[in-house]
Amino acid sequence: MSPSNPTTTDRETRIPAKSSTFLNDNPHLTRELPESEYPGFDRHHPPQPELIDTCVHCGFCLATCPSYRVIGKEMDSPRGRIYLMDAIHKGEAPLAQTTSQHFDTCLGCLACVTTCPSEVKYDRLIADTRPQVERQIERPLGDRVLRSLIFNLFPYPNRLRVLLLPLFFYQQSGLQKLVRSSGILSKVFPRLAAMESILPRVRLDALRDDLPDLIPARGEKRYRVGMILGCVQRLFFSSVNEATARVLTANGCEVVIPRSQGCCSALAAHQGQEEQARAIARQTIEAFAGTDVDFIIINAAGCGHTLKEYGHILRDDPAYRDRAIAFSQKVRDVHEFLAEVGLSAPLSPVSDRPLTLVYQDACHLLHGQKISAQPRQVLRQIPGVELREPLDAALCCGSAGVYNMLQPEIADELGRQKVDNLLATGAELITSPNPGCSLQIKKHLESSDRAIPLMHPVELLDLSIRGIKLDS
């Protein structure tokens, strides 16, 4: 019998957590509380035992798990976390501070889902475990303050926009350089320092939204598409949105951009903030209601994965469940869409000589949406472009939404590894399809001696369509 299709007998004879050496090897997991007081998962969508039981604990996931590769401990691997979920379900370990920290170390990159020969739905398991942790575990004060700042600021573009002017003066005045050189922030507030370390260059033109509500197609209209602007993407990577709109219109798309749209809910959904994720998802669905678009286009990998999960996020909402499924069926990553419908606009070289690129696979595009060939297919159509492949292309860069702010030490190690592998290709330019990845990679590029430019693939495609060269 193939390991990719475990039989019922295989599942029944697998070694449960208590019968294995897992709990004995990790006594700290059960030491926090007496066994009679073990709190377990509540009844609201706990990780499902039938999904837990599909794991045969083969260990294929270990080599591809970024947290395991950095920390090196079984309980910080997908297999270990599944053991732990099983133990909590059966009352053999508590859902408590000590056990929950091992769920927190998971980046949610989903590399284990791609690797697993038994097709274990770890993405569903960790997605159902995180809200359990958020509801039942009281975090330390500093953690609560940081998380409150993140979830009350980042998903709301209008709130975030208020900070742009102070941040602009912080960077232009030399204060940022002073703070970073002194190292005082990392000594006093290390996780706030981690947040500051990925702060991109603030542009004052981000204070306004320049894209109109409707942009007509250039030439013959082929499709009517909606476009997601995002939150961080809208304010710190506005040039990517502008390039996306130009590429779509140049390829025969009429682009609809509803003003009432906000965050896609990825930040909240990936960290177990269920109520916030549901509220934002409903808002996004309403923003595109009545637009009569053929597709909804997104240019950020993490956002795209979440937009395609709206049916799951709103599964308990009878008023929105079917609408959420219909919405998600229209969502396309921009590379996925362009590869599917084909480019109609002519392309020109972006350099006077052959240009070597390395494409960085964003986890929620590669593992979450199973999109890998399409971005490469689009980039290869640009004349004079040569693509190079990095070592460990499928390994997370450490960004993982807000992970690099919440778990900065692990994230930094992964970021260094990712940048080393990208630079080792000898490419002249890096292309990255996700704003979080871009911020993480730029941070570690700046600390290297071989810093090279980084662009979104759509920005490069936009230059090619417009006949603009990088070195002009």
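The values are calculated or read from the model by the stated rules, or taken from the named source; none is laboratory data. In this text the structure is predicted, and so the values were computed from the model without any measurement. Note that each Cβ is placed from the backbone with ideal geometry, even for glycine, and that neighbours are counted across all protein chains shown. Accessible surface is based on the protein model in full, side chains and every heavy atom, while ligands, DNA and RNA are left aside. Shrake-Rupley method; radii C 1.70, N 1.55, O 1.52, S 1.80 Å.
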What are the residues whose amide H is under 5 Å from the amide H of G226, where those residues sit 5 or more places off or on another chain and H is modelled from the backbone? V256, D294, F295, I296, I297
Taking r as the C-beta separation of D294 and D210 and R0 as 22 Å, the FRET efficiency to the nearest 0.05 is 0.35
If the chain between Q172 and E220 were fully stretched, how many nm would it gain, using 0.36 nm times the residue separation less the Cα-Cα distance? 12.8 nm
Hey, for a label at D316 modelled as a point 7 Å past Cα toward Cβ, could you say which residues of segment 125-162 have their backbone N under 19 Å away? 125-138
Looking at the square roots a ≥ b ≥ c of the eigenvalues of the Cα gyration tensor of the chain, which shape do they give, rounded for a/c under 1.5, prolate if a/b is larger than b/c, or oblate? prolate
Taking 0.36 nm per residue of separation and subtracting the Cα-Cα distance, what length does fully extending E138 through R416 add? 96.9 nm
For segment 200-230 and segment 423-472, what is the centre-to-centre distance using only Cα atoms, to the nearest Å? 21 Å
Using θ = phi - 60° and the Karplus relation 6.51 cos²θ - 1.76 cosθ + 1.60, list the HN-Hα couplings for segment 195-202 in order, rounded to whole Hz, with x at every Gly or Pro. 5, 5, 5, 9, 4, x, 5, 7
Assuming R0 = 35 Å, what is the FRET efficiency of R450 and V188, from their Cβ-Cβ distance, to the nearest 0.05? 0.65
Roughly speaking, to the nearest percent, how much of the chain's 1.4 Å accessible area is carbon and sulfur? 53 percent
Whole-Hz Karplus ³J(HN,Hα) for segment 112-124, in order, using 6.51 cos²θ - 1.76 cosθ + 1.60 and θ = phi - 60°, x for Gly and Pro? 5, 5, 5, 7, 4, x, 9, 6, 5, 8, 4, 4, 5
For segment 343-472, with the dipole built from +1 on Lys and Arg beta-carbon atoms and -1 on Asp and Glu ones, taken about the Cα centre, which of L357, I382, L445 lies farthest toward the positive end? I382
Note the full-extension length gain between K90 and L163 as 0.36 nm times their separation in residues minus their Cα-Cα distance, in nm to one decimal. 21.6 nm
Anchor K418: aspartates and glutamates whose Cα lies under 17 Å away (excluding residues fewer than 8 positions away in-chain): D361, E389, D392, E409, E428, E446, D449
Per the C-alpha gyration tensor (a ≥ b ≥ c, the square roots of its eigenvalues), segment 40-107 is rounded if a/c is under 1.5, else prolate if a/b beats b/c, else oblate; here it's oblate
FRET efficiency, E119 to L391 (Cβ-Cβ, R0 30 Å, nearest 0.05): 0.70
Compute the accessible area per residue over the chain, keeping the other protein chains in place, probe 1.4 Å, unit Å². 43 Å²
Could you pull out every residue, at least 5 positions away or on a different chain, whose amide H is within less than 5 Å of the one on A93? Hs are placed 1.01 Å off N in the peptide plane, and Pro or chain starts have none. I88
So what are the ³J(HN,Hα) numbers for segment 438-447, from phi and the Karplus equation (6.51, -1.76, 1.60; θ = phi - 60°), rounded to whole Hz, Gly and Pro as x? 4, 4, 5, 5, 4, 4, 7, 5, 5, 8
For L429, list long-range residues whose amide hydrogen, built 1.01 Å from N in the peptide plane, is under 5 Å from its own amide hydrogen. V358
Of A87, A63, Q97, which is farthest towards the positive pole of segment 27-135's charge dipole, taken about the Cα centre with +1 and -1 on the beta-carbons of Lys, Arg and Asp, Glu respectively? A63
Using per-residue counts of other Cβ atoms within 10 Å, averaged over each peptide, order 142-154, 373-385 from highest down. 373-385, 142-154
